[in-house]
Amino acid sequence: MRLTTFTDFGLRAMIRLAQDPQTPLSSAEIAEEFAISRHHLAKAMATLARAGLIVTRRGGGGGAILARPPAEISLGEVFRALNAEEPLVECFQSDGGHCVATNRCRLRARLVIAQEAFMASLDQSTLADVALEPQAFALEAAP
């Protein structure tokens, strides 16, 4: 399974926010720290806000914070919020997609089982489990 860039960026934002849950961070700050596109990260963060996983504030002192403590947000919940529009395969779309093999396909059932196992695994971990450790900056020796 491969994560989309959208999901990757959203997960990065969440694990960074979990590092210091009381400190608001802007998408620009997070994007700079991870050297990723601010524009794409902002879209992922907007999705996370609509899902009620983060709270955002504009203006001075603004930014995003987690809506709940990191230990109360499962990775599965974050993943589902970021992938609501991206089914694993076409036949998983809400309208069934346009797969011509649907009536005789024997792969779909196995993919359902694999996806359920993947999500069950993510549901067992929280943001607290994967929050980033604070960076340790090496002190340069004075000449």
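Odds and ends about this structure:
- The residue that is farthest from LEU17 (Cα to Cα), counting only those in region 51-69 that are assigned to a loop (DSSP other than H, G, I, E, B) and in contact with a helix residue (DSSP H, G or I) (Cβ under 8 Å, 6 or more places away or on another chain), is ALA51.
- Qualifying positions in region 66-83 - closer than 11 Å to LEU48 by Cα and among the hydrophobic types (A, V, I, L, M, F, W, C): LEU66, ALA67, VAL78, PHE79, ALA81, LEU82
- The residues in region 1-15 that are in a loop (DSSP other than H, G, I, E, B) and without any contact (Cβ under 8 Å) to a residue 40 or more places away in the chain can be counted, and the count is 2.
- Hits in region 57-67 - residues which are at negative phi and either buried (at least 17 other Cβ atoms within 10 Å of the Cβ) or in contact (Cβ under 8 Å) with a residue 12 or more places away in the chain (or both): ARG57, GLY62, ALA64, ILE65, LEU66, ALA67
- Scanning region 1-14 for residues that are surrounded by fewer than 17 Cβ atoms within 10 Å (Cβ to Cβ) and either β-branched (Val, Ile, Thr) or in contact with a Gly (Cβ under 7 Å, 6 or more places away or on another chain) (or both) gives THR4, THR5.
- Of all residues in region 16-41, those satisfying the criterion of being part of a helix (DSSP H, G or I) and either among the basic types (Lys, Arg) or surrounded by 18 or more Cβ atoms within 10 Å (Cβ to Cβ) (or both) are ARG16, LEU17, ALA18, SER27, ILE30, ALA31, ARG38, LEU41.
- Residues of region 70-128 classified as modelled with pLDDT of 80 or more and not in a helix (DSSP H, G or I), total: 8
- Subset of region 32-49 (residues that are in contact (Cβ under 8 Å) with a residue 12 or more places away in the chain and not β-branched (Val, Ile, Thr)): GLU33, PHE34, SER37, HIS40, LEU41, ALA42, LYS43, ALA44, MET45, LEU48, ALA49
- For GLU77, the conditions (1) surrounded by 15 or more Cβ atoms within 10 Å (Cβ to Cβ); (2) without any contact (Cβ under 8 Å) to a residue 12 or more places away in the chain all hold with the exception of (2).
The values are calculated or read from the model by the stated rules, or taken from the named source; none is laboratory data. As the structure is a computational prediction, the values presented were derived from the model and not from experiment. Every residue, glycine among them, receives a Cβ derived from its backbone with ideal geometry; neighbour counts consider all protein chains shown.
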